[in-house]
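Please read the structure below before turning to the comments.
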Amino acid sequence: MSKLSLRGVDVYAGLLDPAAQTAILADLRSVVKQAPFFRLKTRFGQSLSVQMTAAGQYGWFSDAKGYRYVDRHPDGQEWPAIPDSVMQVWEQVSGCARRPECCLVNLYRDTARMGLHQDRDEADFDCPVVSISLGDDALFRIGNVEKGGKNESLWLRSGDVAVLGGDARLVYHGIDKLRLGSSTLLQGGGRINLTLRVVT
Ligand code: MD3
Ligand code: FE
């Protein structure tokens, strides 16, 4: 494990060994069985390339009314609980007394990517967001708290954990591309990213 810092984002590279990654993935399989992946649409009716689901009290949703946290999967069911294996990572790195209320699960297949954005729909920016990468390598791009300016990039690998707190909490960030086939962890290839968030 090595710890590096990029613009205030702490990256614990290789924090999760292969056994820990497989254990989290097994727990995610039961999450996804209860709350299947779906594709969000923007206000303008365009589908996002990343597929999503969630665990915890809240998940993320968007439709004609825009983006927001919701307490149910689009199928009407409550979100499944956040697995203990994932909670343990939060306890290990977050430095936060509150517990996460949302574990967003992003699935990247093929050419899926995520454009530059800020995460600012949570009520308490003193709480960090913790990100867990599983599967193929992904090129993570980080900008600034204000739109524009210079960006920096970093490859996130399977088992890496990033903590976005303090001054880094409101920076613009996104995923430019995957290195498809760089990992054999996921059946069918691609990448899963978990983000743990305090919402209220
Ligand atoms: C920096 N996910 O779900 S994780 C997202 O890999 C999201 O799926 C990307 O951005 C992914 O919103 C990047 C790293 C990350 C997550 C949240 C952040 C970086 C962040 C919040 C604030 C600043
Ligand atoms: Fe984000």
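Every number here is computed from the coordinates shown, using simple stated rules; none is lab data. Because the structure is a prediction, the values reported are computed rather than measured. Cβ atoms come from the backbone with ideal geometry, glycine included; neighbour counts cover every protein chain shown.
Data overview
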{"read-out": "Calculated from backbone phi, Karplus (6.51, -1.76, 1.60) coupling profile of the range 60-67 in Hz, x at Gly/Pro", "value": "9, 8, 8, 7, 4, 8, x, 8"}
{"read-out": "Three principal axis lengths of the range 2-197 [C-alpha, angstrom, descending]", "value": "40, 38, 37"}
{"read-out": "³J(HN,Hα), Karplus 6.51/-1.76/1.60, whole Hz, each residue of the range 152-157, x for Gly, Pro", "value": "10, 10, 8, 7, 9, 10"}
{"read-out": "Positive-end extreme of charge dipole, the chain - chosen from LEU178, ALA97, ALA168 (charges on Cβ)", "value": "LEU178"}
{"read-out": "Three-way shape call for the range 98-151 based on the alpha-carbon gyration tensor, with the a/c threshold at 1.5", "value": "oblate"}
{"read-out": "Residue-by-residue Karplus 3J(HN,Hα) for the range 164-179, coefficients 6.51, -1.76, 1.60, Hz, glycine and proline x", "value": "9, x, x, 5, 7, 4, 10, 6, 5, 7, x, 10, 7, 6, 10, 9"}
{"read-out": "Distance-filtered residues of the range 111-135 - backbone nitrogen under 14 Å, label point 7 angstrom along SER30 Cα→Cβ", "value": "none"}
{"read-out": "Centre separation in Å (Cα based) which lies between the range 93-122 and the range 131-200", "value": "9 Å"}
{"read-out": "Kirkwood hydrodynamic radius of the range 139-200, Cα pairs, Å", "value": "13.5 Å"}
{"read-out": "Potential extension, SER47-LEU4 segment - 0.36 nm per residue separation minus Cα distance", "value": "12.1 nm"}
{"read-out": "Partners for LYS65 among lysines (Cα-Cα distance below 23 Å; same-chain residues under 8 apart left out)", "value": "LYS41"}
{"read-out": "Debye, to nearest 20: dipole size of the chain, +1 on Lys, Arg Cβ, -1 on Asp, Glu Cβ", "value": "600 debye"}
{"read-out": "Relative packing of peptides 6-13, 53-60 - highest average C-beta neighbours within 10 Å first", "value": "53-60, 6-13"}
{"read-out": "Value at 222 nm in deg cm²/dmol, rounded to 500, when DSSP H runs of n ≥ 4 in the chain each add -39,500 (n - 2.57)", "value": "-4500 deg cm²/dmol"}
{"read-out": "Approximate spin-label separation ARG72-LYS177, in nm, with each point projected 7 Å along Cα-to-Cβ", "value": "4.2 nm"}
